[in-house]
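**Q** Handing you this structure, nothing more for now.
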Amino acid sequence: MGKDVIIACDFSSREAVLEFLDKFSGEARKPYVKIGMELFYGAGPEIVREIKRRGHQIFLDLKLCDIPNTVKKSMAVLRDLDVDMTNLHAFGTIEMMKAAIEGLTRPDGTRPLLIAVTQLTSTSEQRMRDELLIDRPLAEVVTHYAKNALAAGLDGVVCSPLESPTVHAHCGAGFVTVTPGVRFADGAVGDQVRVTTPARARELGSDYIVVGRPITAAEDPIGAYRRCCEEFIG
Ligand code: C5P
């Protein structure tokens with residue numbers, strides 16, 4: 001599994017994201033791009049095709065969670081957008097995750113990478129207990145959901161770089177960890193709480209890092225992207 005830096009393109013319009021990506025037109029390495037709900041709902045599926053045509057790999061971060069049949073049919077739509085990676089909530093159960101794989105698989109048997117969100121990093125252990133009535137420690141829940149994703153045949157999970165070693169220990173080195181919450185040692189943390197540097201994420205065994213504002217809001221986005229690649233990939 002190739003390590004890569006994925007830029008979280010959290011823009012709300014087609015114009016804003018294309019203006020940002022234009023900056024990278026001279027780069028030898030075309031950045032892997034994450035398209036989230038904001039851009040997808042704002043600009044529609046055509047933005048996925050357009051960025052793909054420009055030669056970028058795409059992680060479509062829509063975090064599906066619904067009854068198995070609905071997820072299966074929705075995944076078939078995403079499959080036809082030819083994305084490289086997409087995701088869902090492990091909370092939707094193993095049956096839902098298996099249905100998602102069915103929907104995502106192309107007639108030739110290939111499919112985009114499918115990864116699971118375990119517990120959102122915005123969910124605290126206290127909220128999980130008080131609101132969701134889940135009494136187990138958060139780390140145990142994350143590991144358990146990762147194992148469910150593995151059992152369903154998924155390729156990996158979204159997690160903190162700090163959780164990568166545990167996930168790999170329980171689910172195998174080939175089970176992919178896609179990790180946001182990355183900041184440069186001398187950069188602003190913003191609203192992220194548990195952050196690591198690209199170099200530390202590499203040491204911890206993350207397979208992909210997802211980096212947004214340290215690149216998108218940088219004065220020199222190309223320089224920031226290159227620095228991420230150097231630290232994380234070498
Ligand atoms: O700007 P920043 O580097 O914080 O962006 C991180 C990206 O990763 C955002 O698109 C955010 O929604 C996403 N993400 C996250 N934490 C998660 C899951 C996704 O920060 N647990």
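**Q** Taking just the C-alpha trace of segment 134-227, give me its Rg and Dmax in Å.
**A** 14.5, 45
**Q** Exposure proxy check: E219, E231 ranked by fewest other beta carbons within 10 Å?
**A** Neighbour counts put them in this order, fewest first: E219, E231.
**Q** Near the amide H of I58, under 5 Å away, which other amide H atoms are found, from residues 5 or more places off or on another chain, if H is placed in the peptide plane?
**A** Long-range HN contacts for I58: V33, D84, M85.
**Q** If you average the alpha carbon positions of segment 213-234 and of segment 147-193, how far apart do those two centres end up, in angstrom?
**A** So the two Cα centres are separated by 20 Å.
**Q** Given 0.36 nm per residue, what is the gain on full extension from D130 to I233 after removing their alpha carbon distance, in nm?
**A** Computed gain between D130 and I233 is 33.0 nm.
**Q** What GluC sites (Glu not before Pro) in segment 75-157 are in a loop by DSSP, with at most 10 other Cβ atoms within 10 Å of the Cβ?
**A** Answer by residue number: E131.
**Q** Ok, one more. Can you tell me which of R127, R106, R29 moves the most in a GNM of the chain? Springs connect C-alpha atoms under 10 Å apart.
**A** So, out of R127, R106, R29, the one fluctuating most is R127.
**Q** Also, I was wondering about something else. When the chain is modelled as a GNM with alpha-carbon springs shorter than 10 Å, which of A217, A173, A151 fluctuates the most?
**A** Maximum fluctuation in the GNM of the chain, among the listed residues, is at A217.
**Q** Here's a follow-up. For the chain, modelled as a Gaussian network with Cα springs under 10 Å, which listed residue fluctuates most, N69, N148, N87?
**A** Residue with maximal mean-square fluctuation among N69, N148, N87: N69.
**Q** Residue by residue through segment 163-177, what is 3J(HN,Hα) from phi via Karplus (6.51 cos²θ - 1.76 cosθ + 1.60, θ = phi - 60°)? Round to whole Hz and write x for glycine and proline.
**A** The phi angles translate into 8, 4, x, 5, 4, 5, 5, 8, 10, x, 5, x, 7, 6, 10 Hz.
**Q** Under Stokes-Einstein, with the Kirkwood radius over Cα pairs standing in for Rh, what whole-number D in µm²/s applies to the chain at 20 °C and 1.002 mPa s?
**A** D = 118 µm²/s.
**Q** Give me F232, F24 ranked fewest to most by other Cβ atoms within 10 Å of their Cβ, as a rough exposure proxy.
**A** Fewest-to-most Cβ neighbours within 10 Å comes out as F24, F232.
**Q** Once amide H atoms are built 1.01 Å from N in the peptide plane, which residues 5 or more positions from T197, or in another chain, come under 5 Å H to H?
**A** Those qualifying (amide H under 5 Å, at least 5 residues apart or on another chain) are R183.
**Q** Still on this model: Taking 22 Å as R0, compute the FRET efficiency from the Cβ-Cβ separation of N69 and Y41 and round it to 0.05.
**A** Efficiency, from the Cβ-Cβ distance: 0.45.
**Q** Would you mind calculating the relative contact order of the chain from Cα pairs under 8 angstrom and at least 6 residues apart, reporting the percent as a whole number?
**A** 19 percent
**Q** In percent, what relative contact order does segment 62-165 have, based on Cα pairs under 8 Å that are 6 or more apart in sequence?
**A** Result for segment 62-165 is 29 percent.
**Q** List the residues, sorted by chain then number, that are 5 or more residues from V117 or on another chain and whose placed amide H is less than 5 Å from its amide H.
**A** The answer is L88, H89, A90, V158.
**Q** Also: Convert each backbone phi in segment 72-84 into a coupling constant with the Karplus relation 6.51 cos²θ - 1.76 cosθ + 1.60 (shift: θ = phi - 60°), then list the ³J(HN,Hα) values in order as whole Hz, x for Gly and Pro.
**A** The phi angles translate into 4, 5, 5, 5, 5, 5, 5, 4, 6, 7, 6, 6, 9 Hz.
**Q** Averaging sequence separations of C-alpha pairs under 8 Å and six or more residues apart, then dividing by the length of segment 122-234, give the relative contact order as a whole percent.
**A** It comes to 19 percent, rounded to a whole number.
**Q** Quick one: divide the alpha-carbon radius of gyration of segment 5-54 by 2.2 N^0.38 Å and tell me what you get.
**A** Compared with the compact-globule rule of thumb, segment 5-54 sits at 1.05.
Just so you know, all these numbers are worked out from the coordinates, no wet-lab data involved. If you're wondering where the values come from, they're calculated on a predicted model, not measured in any experiment. Counting neighbours? That spans all protein chains shown, and the Cβs are built from the backbone with ideal geometry, glycine included.
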